[in-house]
Amino acid sequence: MEKYEFGKRVYKQVIVDGKKVGKWVVLIEVEDYDENENLIHRIDACNSYEGWNEYDEKGNCIHTSDNKGNEFWREYDSKGNQISFRTNKGEKGFAQNRYNSDDKLIFLERSNGDSGKIEYDENGRKIYIKMLFGETVEECFFEYSDEYGDKPISKKKIVNGELKTEDFYEIDDKNSWVHKKSIREGREFNFWADCEYDENGKLVKKLIYRGM
């Protein structure tokens, strides 16, 4: 297994507003991908987390396990949206999904009472999600650029009417983000990703650094 120097302060050339600049950063996360660019392994050093994902032939994540002893199994409908889950701790859940004429998920209702609705733009890209978790209302907004297709360049989360997070992305020529500016309850954080690709241009690894 590869060894990573998490938390070590290093000086790197990173992307800011399309230009390379020098910044002091620390490595906080590593992601590994399979030949279909599915995330199969993730280390999050800030939360002492390590997790593994398994997928079916359609690219649906059917099994997740982590270093904290948790396991999840998921089932999906024919359109690739989750309809049930179970855990190694005896928890179970189900969902009913509704679709529009383009087979896009527009409404879901879970067995625990949670529900949500999704809206799309004219290109079929997700632009709005509203979830109800008991008395909590969580809304997410997405913005896109024609240059990057279905990869969002910004995301915004509002909880019970209060802005919680805003994320802004710079994306490379292979459609992976390389710089994320995140504003969380008024504080700004910057993250950069070193992306490794195979000979076919498929993403195989991502090292994520946080600015100092």
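The values are calculated or read from the model by the stated rules, or taken from the named source; none is laboratory data. Every value quoted in this text rests on a predicted model; they were computed, and no experiment measured them. All Cβ positions, glycine included, derive from the backbone under ideal geometry; neighbour counts span all protein chains shown. In case anyone asks, the SASA skips ligands and DNA or RNA and just uses the protein heavy atoms, side chains included. Shrake-Rupley method; radii C 1.70, N 1.55, O 1.52, S 1.80 Å.
Remarks
- Of Glu122, Glu138, Glu109, all but one fail to be more than 19 Å from Ser84 (Cβ to Cβ) and not in a loop (DSSP other than H, G, I, E, B); the exception is Glu138.
- Consider region 128-154 and keep the residues that are closer than 18 Å to Trp177 by Cα and open to solvent by less than 70 Å² (accessible area, probe 1.4 Å). The one that is farthest from the chain's Cα centre (by Cα) is Ser145.
- The residue list Ile183, Ile208 contains one member that is open to solvent by less than 70 Å² (accessible area, probe 1.4 Å), within 26 Å of Tyr11 (Cα to Cα), touching a residue at least 24 places away in the same chain (Cβ under 8 Å) and in a strand (DSSP E or B), which is Ile208.
- Qualifying residue in region 50-58 (condition: more than 18 Å from the chain's Cα centre (by Cα) and more than 21 Å from Leu203 (Cβ to Cβ)): no
- Members of region 54-71 found to be open to solvent by less than 70 Å² (accessible area, probe 1.4 Å) and assigned to a strand (DSSP E or B), listed by number: Tyr55, Cys61, Ile62, His63, Thr64, Ser65, Asp66, Glu71
- Taken over region 160-171, the criterion of being in contact with a strand residue (DSSP E or B) (Cβ under 6 Å, 6 or more places away or on another chain) and either open to solvent by 30 Å² or more (accessible area, probe 1.4 Å) or hydroxyl-bearing (Ser, Thr, Tyr) (or both) is satisfied by Asn160, Lys164, Thr165, Glu166, Phe168, Tyr169, Glu170.
- Being open to solvent by 50 Å² or more (accessible area, probe 1.4 Å), within 26 Å of His41 (Cβ to Cβ) and out of contact with any strand residue (DSSP E or B) (no Cβ under 9 Å at 6 or more places or on another chain) is a property that Glu199 has.
- Test: residue in region 24-41 that is surrounded by 13 or more Cβ atoms within 10 Å (Cβ to Cβ) and over 19 Å from the mean Cα position of the chain (by Cα): yes
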